[in-house]
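The values are calculated or read from the model by the stated rules, or taken from the named source; none is laboratory data. Bear in mind the structure is a predicted one, so any value in this text is a computation, not a measurement. Glycine also receives a Cβ, built like all others from the backbone with ideal geometry; neighbour counts cover every protein chain displayed. Side chains are part of the model used for accessible areas, which takes the heavy atoms of the whole protein and leaves out ligands, DNA and RNA. Shrake-Rupley method; radii C 1.70, N 1.55, O 1.52, S 1.80 Å.
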Amino acid sequence: MAAIGKIRSWGPVLVCVIGLALFAFIAEEAFRSCEATNNQARQQVGEVLGEKLSVQDFQTLVDEYQDIVKMTQGRDNLTEDELNNLKDQVWQQFVNNKILEKEAAKLGLTVTDEELQNILKEGTNPMLMQTPFVNQQTGRFDVSLLTKFLSDYKKMTAANNPQAEQYQTMYKYWQFMEKNLREQTLAAKYQTLLSHCLLSNPVSAKMAFDAKNQESNIILASAAYSTINDNDVKVSDADLKAKYEEQKEMFKQFAESRDIKYVDFQVLPSANDRAALMKTMKEASEKLKNGEAAAEVVRKAQSQFAYAAMPMSRHAYPSDIAAKLDSMAVGQTTAPFENKGDNTLNVVKLLAKTLMPDSIEYRQIQVGGETAEAAHKTADSIYTALKDGADFEALAKKYGQEGKSVWLTSNMYENGVVDADSKNYINALTTLGAGEMKNVEFTQGNIIVQVLNRKAMVEKYDAAVIKHTIDFSKDTYSQAYNKFSQFVSENKTLEDIEKNAAKHGYTVQERRDLFNNEHHVAGIRSTRETMKWIFDAKVGEVSPLYECGTNDHLLVVALTKVHPVGYRDLADAKEMVKMDVIRDKKFEMLKEKFAGVKSIADAKAKGAQIDSVNQVTFAAPAFIAATGASEPALSGAVAAAKEGQFSANLVKGNGGAYLFQVVKKNTRQGEKYDEKAMEQQLQQRALQAASRFMGELYQKANVVDNRYLFF
């Protein structure tokens, strides 16, 4: 009983212990859940209408688009700017498609397979002209070519044909085009439906015609706002607040932006760096003059333009080098010269100049074998047979090839990396005459080529080019880094940075309204980490030192203000609002000044500038030279006045206040009223207005763009 009593006495303590244990268990699970949610959120590139896009899915879309661009443009890689633009296009397309899908679903709009087939049969959609299925004779998309390709692809895939891999690339391209064709068609359907909600009619057509063609000649009395000194206008806080409330919708912001101040220092080559490079270039120039092997000299000088060891057209060389080649003699070597455009020092030696075809039509038979010797032997027998008059295409088919003629142009090989075997092959084609053949031997086999035609003879150059960027040395960068690093470490606040920057030779710059969908901070490349810091920092914080650009920029940033989604506050809009308040008050001052004016003469007597303005129409704002402004309000007032009438009220314009008298009204000659044509014009305007629907829908789609965290 004593033991039970003791346990009872500990009851409250046990309850607390058990409660704390349960709380700890629940809290741990909640923490894990929050952490998992946060981790998942950190992997989201963005969100549209509540639908999230993961970084993996976005990268898949980018890769798909990138492969298409490379294939259609014959490219191996895209530049950083091109890739950034592509990512923007992919993101915008994803957003637009999601928004459109939702709107179309509400209305029951779809694109059926039958509709798509009809589009393919018509073959008039511009997108189809970008596909390989264009009939070369008619110049139009040919659905039968597409049908044949899809049939061949299906057969090859089923039979595990080795050539199916080549067809796979083309099949992916068609899938991409088909998907985009469906999306484009759905968007066109929605836009057309929307445009038909904006109807035209004979009354509006006649009004639009009159607005464009009924013109007035007037005598204008103008008083520019600039004739009143801004200092003579008193603006109170109440005035600013009232105007801000009136114009508040103008200051609505749909994405967060941030203001920063920063110090950017670009590391440049020192005088010693330039001198060292000049010494290397002079030595290379002397070696080329003395006849040393061009390939070796170019390689040792670390030229960024490799020696091709074969004649190439001037377009294959950098523009500054091509300009030199035109005026050089064979055997001539230049002294080092600078090109400020690409920041390089250059040396050129022209080894040879020859006239060669820019385009070559040829056919070939590839010959392989179990061993290289077997291939050479087979090739010799084929070559002999051809020499003795055997049919080229028949022999080609015997060895599983078509033997059809193809064209080789200079552009196909001059802008890429060409290995030794390829050079041997190209040299054979470019030096053979029409009708001549050659058995070209390679390490693993042979190719028998026959040139059929040579066109567009052009000058080609065999030139050794040494092009070297004028770079800073490691010592120069180290000195710059140490100095900038010390500056950052000694100045921890923005106030200190602004106070001491000039003493150290730096300049504090400002950037307002930086958005997270921008690719660069302050126009400097490779600043993604800086961007992530900016949109995670608090106002007043100073960033660490960032090394960015092409490893030639040192950057430190301070966050000065955050502009959240919603309405910009009056402080941000103050200057714009103040200008409008001053304009309003100046107009009231001019209104008081010109009160009681009944004629142009009265207006002139009170200081107005008098001018004649002709051909004023309602459809276009009149430009007034006296005030330097376009004035739609004046055009509207003139259109409403009768011939001979003096304006009853002072017109408030953008650049001044106006009184006028209509001298003459007439209809422009030469254009007859065509009701149907005018209605069509209005319908076209409605279509253009409807095309802006995406902007309105975008604002309501709760779009979240976090791409800056990943790209």
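Checking the cross-link filter: which lysines have an alpha carbon closer than 21 Å to that of residue 287, excluding same-chain neighbours under 8 positions apart? Result set, ordered by chain and number: 279, 300, 324, 349, 353, 467.
What pairs from 483/532; 241/532; 70/460; 252/483; 243/700; 52/172 go past 32 Å between their alpha carbons? Could the numbers behind the result be given before it?
Details: 483/532 25 Å; 241/532 35 Å; 70/460 28 Å; 252/483 43 Å; 243/700 27 Å; 52/172 25 Å.
Pairs exceeding the cut-off: 241/532; 252/483.
With every protein chain in place and a 1.4 angstrom probe, the accessible-area ranking of 182, 707, largest first, reads 182, 707.
With a cut-off of 16 Å on the backbone N, the residues of the stretch 75-113 near the modelled label site 7 Å out from residue 304 along Cα-Cβ are 79-81. Note on the stretch 297-438: Kirkwood hydrodynamic radius from all Cα pairs is 18.2 Å, rounded to one decimal. Global dimensions of the stretch 200-343 from alpha-carbon coordinates: Rg and Dmax equal 34.0, 87 Å.
Of the GluC sites (Glu not before Pro) in the stretch 419-485, which ones lie in a loop per DSSP and count no more than 16 other C-beta atoms within 10 Å? Numbers along the way, then the final one.
Working: sites: 436, 441, 459; in loops: 436.
Passing both the DSSP loop test and the Cβ count: 436.
Using all pairs of distinct alpha-carbon atoms, the Kirkwood hydrodynamic radius of the stretch 551-662 works out to 17.2 angstrom.
Round to the nearest 10 and give me the degree value, 0 to 90, for the angle of helix 113-122's Cα axis relative to the longest principal axis of the chain. The helix 113-122 is inclined about 70 degrees to the chain. Comparing Cα centroids, the stretch 647-669 and the stretch 563-616 end up 16 angstrom apart.
Take the Cβ-Cβ distance between residue 496 and residue 85 as r, set R0 to 51 Å, and report the resulting FRET efficiency rounded to the nearest 0.05. Write down the numbers at each step before the final one.
Working: r = 39 Å, r/R0 = 0.76.
Here the calculated transfer efficiency is 0.85.
Across the options 565, 319, 704, the greatest Cα extent toward the positive end of the charge dipole of the chain (unit charges at beta carbon of Lys, Arg, Asp, Glu) belongs to 565. Using equal-weight Cα scatterers in the Debye expression, the normalised intensity of the chain in log10 at q = 0.06, 0.08, 0.11 Å⁻¹ is -0.71, -1.13, -1.35.
Given only helices, namely DSSP H runs of n ≥ 4 each adding -39500 (n - 2.57), what is the per-residue ellipticity at 222 nm of the chain, to the nearest 500 deg cm²/dmol? Write down the numbers at each step before the final one.
Details: 24 runs with 333 residues, N = 711.
Dividing the helical sum by the residues of the chain leaves -15000 deg cm²/dmol.
Taking 0.36 nm per residue of separation and subtracting the Cα-Cα distance, full extension of the segment from residue 422 to residue 67 would add 125.3 nm.
Checking every one of the trypsin sites (Lys or Arg not before Pro) in the stretch 638-671 against DSSP loop status and a limit of 10 other Cβ atoms within 10 Å picks out 642.
Starting from the stretch 302-380, pick out the GluC sites (Glu not before Pro) whose DSSP state is loop and whose Cβ has at most 15 other Cβ atoms within 10 Å.
Details: sites: 338, 361, 370, 373; in loops: 370.
Here the GluC sites (Glu not before Pro) that fit, given the DSSP loop and packing criteria, are 370.
Over all orientations, the stretch 256-329 has a Cα convex hull whose mean projected area works out to 9.7 square nanometres.
How long are the semi-axes of the equivalent ellipsoid of the stretch 474-586, defined as square roots of 5 times the Cα gyration tensor eigenvalues? Whole Å, largest first. Walk me through the intermediate numbers first.
On the way: eigenvalues 215, 59, 35 Å².
Those come to 33, 17, 13 Å.
Spin-label model, residue 330/residue 124: points 7 Å from Cα along the beta carbon direction are separated by 5.9 nm.
Which value does Rg/Rh take for the stretch 208-285 over its C-alpha atoms, Rh per Kirkwood? Intermediate values should be presented prior to the final figure.
Working: Rg = 30.5 Å, Rh = 21.8 Å.
Expressed as Rg/Rh, it is 1.40.
Considering only alpha-carbon pairs that sit under 8 angstrom and 6 or more positions apart, the relative contact order computed for the stretch 610-664 is 29 percent.
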